1. Which one of Thr163, Thr153 is of a type in the set (Ser, Thr, Tyr), surrounded by 22 or more Cβ atoms within 10 Å (Cβ to Cβ) and at pLDDT 95 or above?
2. For segment 34-59, name all the residues that are part of a helix (DSSP H, G or I) and either in contact (Cβ under 8 Å) with a residue 40 or more places away in the chain or touching a Leu at 6+ places or on another chain (Cβ under 9 Å) (or both).
3. Just to check your reading of the model, which residue among Gly62, Gly83, Gly66 is loosely packed, with under 15 Cβ neighbours inside 10 Å, over 23 Å from Gly175 (Cβ atoms), in contact with a Phe, Trp or Tyr (Cβ under 9 Å, 6 or more places away or on another chain) and not aliphatic (A, V, I, L, M)?
4. Scan segment 111-134 residue by residue and report those that are outside any loop (DSSP other than H, G, I, E, B), buried (at least 18 other Cβ atoms within 10 Å of the Cβ) and within 18 Å of the chain's Cα centre (by Cα).
5. Can you list residue pairs whose Cβ atoms sit under 6 Å apart, with the first residue in segment 17-28 being in contact (Cβ under 8 Å) with a residue 40 or more places away in the chain and the second being assigned to a loop (DSSP other than H, G, I, E, B) and surrounded by fewer than 20 Cβ atoms within 10 Å (Cβ to Cβ)? Count only pairs 6 or more apart in sequence or on different chains.
6. What are the pairs with Cβ atoms under 7 angstrom where one residue, in segment 182-202, is over 22 Å from Ala142 (Cβ atoms) and the other, located anywhere, is among the charged types (D, E, K, R)? Sequence gap at least six, or different chains.
7. Scan (1) surrounded by fewer than 22 Cβ atoms within 10 Å (Cβ to Cβ); (2) within 25 Å of Arg188 (Cβ to Cβ) for the single condition Leu52 breaks and write down its number.
8. Starting from segment 159-177, take each residue that is polar (S, T, N, Q) and list its partners that are buried (at least 18 other Cβ atoms within 10 Å of the Cβ), counting only C-beta distances under 7 angstrom and pairs at least six apart or across chains.
Amino acid sequence: MNEKRKILAINGSYRDGGATDQAVNAVLDDLRAMDVEVEHIKLREHPIEFCLNCRECMQQPGEAPGHCVRHDGMAEIVEKIEGADGYVLAAPTNFSSVTALFKRFSERLAVYGYWPWGKNAPVFRKSKLPKKPAILVSSCAAPSLLGRLTYGTNRNLRIAAKTMGGKIVGSIVAGLVSQERKPDLPRRAQRKIKRLAPRLVA
C-alpha cells in the first residue's frame, strides 16, 4: 500500500485570514481533495529565535542538516521539512520583501549549508540530492505583475526553497489586496491556485 504524499506549508504571514492565509489554505484544500497529507505551519504560532550567525551548524559535514546551538522550535520545523515530499512557502510583501517572520525562519536555514572555516563560500547540503517540488505564495498591495517584478518577496522565497532542497514548480502573487481591511482573495488568484496543487504531486 502506497503511503500518502506529505506536503508542508510554511507561512510567514502576520495576520489570520489575510490574503496569504487564504491562498495557502486554498492550495492545501485542493491537495486534501487529492488525498494528500498536508501540514500548515504558521510561523506566527511557532516562536523561534534569531540566527546568531555563529556558523556552528555549518561546520558539521554531511547531507543531513547541521545542529543549531539554539534549542527552540526550529529543530521541529527542520524535522518536518526533512519528512515532507514537497513544500508550499508563503509570505506577504512587507516593506518590499518577505515579513520579518519569514526572514527569521529563512536565516535559520543555515543548517542546510556546509561552510567550514577557511572556505570562501558554503555548499548546499541538498545540492546533489533529488529535488522536492515547491510552490511559492505571496501577496502585495501592487498589481501582481508589478509585485513579482519589483519586490524581493519571491526572490527570498525562492532562496529558501533552494536551500531546503526544493525545486520551484509554480508560484502565485496575489496583487491589489490592501484596499480593504479584510480582503478576499482575488478571483484571478483563485483560478491560478487551482493549477498549482497538482504540480506538487505530479
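The values are calculated or read from the model by the stated rules, or taken from the named source; none is laboratory data. Owing to the predicted nature of the structure, the values given are computational and were not obtained by experimental measurement. All Cβ positions, glycine included, derive from the backbone under ideal geometry; neighbour counts span all protein chains shown.
1. Sole residue among the options that is of a type in the set (Ser, Thr, Tyr), surrounded by 22 or more Cβ atoms within 10 Å (Cβ to Cβ) and at pLDDT 95 or above: Thr153.
2. The answer is Leu43, Arg44, Cys57, Met58, Gln59.
3. None of the others qualify; the one that does is Gly62.
4. Val111, Tyr112, Gly113, Lys132, Pro133, Ala134
5. Between residues of segment 17-28 that are in contact (Cβ under 8 Å) with a residue 40 or more places away in the chain and residues that are assigned to a loop (DSSP other than H, G, I, E, B) and surrounded by fewer than 20 Cβ atoms within 10 Å (Cβ to Cβ), the close pairs are Ala19/Pro183.
6. Lys194/Asp30; Ala197/Asp30; Val201/Arg5
7. Only one criterion in (1) surrounded by fewer than 22 Cβ atoms within 10 Å (Cβ to Cβ); (2) within 25 Å of Arg188 (Cβ to Cβ) is unmet by Leu52, namely (2).
8. Thr163/Leu109; Thr163/Tyr112; Ser171/Ile135; Ser171/Leu136; Ser171/Asn154
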